[in-house]
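What follows is a set of notes on a single structure, which appears directly below.
The values are calculated or read from the model by the stated rules, or taken from the named source; none is laboratory data. Quantities reported herein were computed from a predicted structural model and do not represent experimental measurements. Glycine gets a Cβ as well: all are built from the backbone with ideal geometry, and neighbour counts include every protein chain shown.
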Amino acid sequence: MAMADELTDLQKVILEIDALNLTVRDSIRQVSARVGFFVGQQRYQEELVKARAIAVTGEGPDAVGTEAARAPE
């Protein structure tokens with residue numbers, strides 16, 4: 001299965017917008033406009049972490065990786 005097949009539509013859009021190096025706020029606005037529904041900051045950040053992991057390794061983070069993405073720094 002190809003990497004693009006494993007990414008959700010939301011994750012594909014997030015990666016495309018992330019490549020523009022916008023601020024997080026502007027990125028969220030652009031993503032929300034492209035997908036047609038509001039994407040909050042937490043969901044944006046979580047999906048970005050997952051999409052980057054899939055792009056690098058070809059598979060998403062395990063449950064620990066997803067929970068670690070939620071942990072405050």
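Structure summary
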{"read-out": "Enumeration of residues in region 14-41 that are within 12 Å of the chain's Cα centre (by Cα) and among the aliphatic types (A, V, I, L, M)", "value": "14, 15, 17, 19, 24, 28, 31, 39"}
{"read-out": "Residues of region 23-55 that turn out to be surrounded by 14 or more Cβ atoms within 10 Å (Cβ to Cβ) and not in a loop (DSSP other than H, G, I, E, B), as a count", "value": "21"}
{"read-out": "Cβ-Cβ under 7 Å pairs, at least 6 apart or on other chains, region 6-22 side closer than 10 Å to residue 51 by Cα and surrounded by 19 or more Cβ atoms within 10 Å (Cβ to Cβ), far side of a type in the set (Ser, Thr, Tyr) and at pLDDT 95 or above", "value": "14/44"}
